[in-house]
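The values are calculated or read from the model by the stated rules, or taken from the named source; none is laboratory data. Given the structure is predicted, the values throughout are model-derived calculations rather than measurements. Backbone-built Cβ (ideal geometry, glycine too); neighbour counts: all protein chains shown.
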């Protein structure tokens, strides 16, 4: 489950892939909220199209099957410590998850917003827990189109070995942090991105703990048009068993008039 949010702040903040998405905030107000608290199931995504851009998400990067084959909402897909979310999001990749003829499996949500989530200092919040995952393949999780910052799971393409059960934070193609991903631990994450200074910070905690700064600021090519933040999972294979991740989309992109992210208590 992934819980994602963007904030601007200068204090302290607080992955089956279950995503928990929240939103974006500027000067203490939410810029974008992706928690989907108002929806009973994932069918709301079917209303979105390029000619009818409604709801909190753009929904076009997925396989040929029904939406429910790839995205599901549920209370069991959220971090129980998150009192601000009614449910989490389960992201599934399977052999049908081929988008646009590419040689990879993709199920990804993109914020539907005109808010300035790509300006100044912002914080992208999310939580994630593994469920039925495949450590033999590289997974790219919660990333921008240019991949200047992202999480990765599984055996990285080109690496030696047969599997890797680590969740890693990458900047510019380089691993900066790693931990073990399992089915019982919720990982709360925030990227502190300064689009003006071209730097990224990494905040992390587990369960109900407050986020702490783990690394950064790290120099990065922080390029974004505000519509290329991918909340989901890309798996570098066209085969393999069904792959689930719970992402708690607690994505309220919050922006504050400070320099560090607020303690993020999943609200």
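Name every residue in the range 174-194 that is more than 15 Å from residue 142 (Cβ to Cβ) and at pLDDT below 95, in order of residue number.
180, 182, 183, 184, 185, 194, listed by residue number.
Do the conditions hold for residue 45, that is, is it crowded, with 24+ Cβ neighbours inside 10 Å and either modelled with pLDDT of 85 or more or in a strand (DSSP E or B) (or both)?
Taking the combined requirement at face value, the residue does not satisfy it.
Give me the pairs: first residue in the range 72-84 and assigned to a strand (DSSP E or B), second residue surrounded by fewer than 21 Cβ atoms within 10 Å (Cβ to Cβ), beta-carbon distance under 8 Å, and six or more apart or on different chains, which are they?
Correct list of pairs: 72/41; 73/39; 73/40; 73/41.
If you take the residues in the range 141-151 that are at pLDDT 95 or above and closer than 15 Å to residue 167 by Cβ, which one is surrounded by the fewest Cβ atoms within 10 Å (Cβ to Cβ)?
Here the answer is 150.
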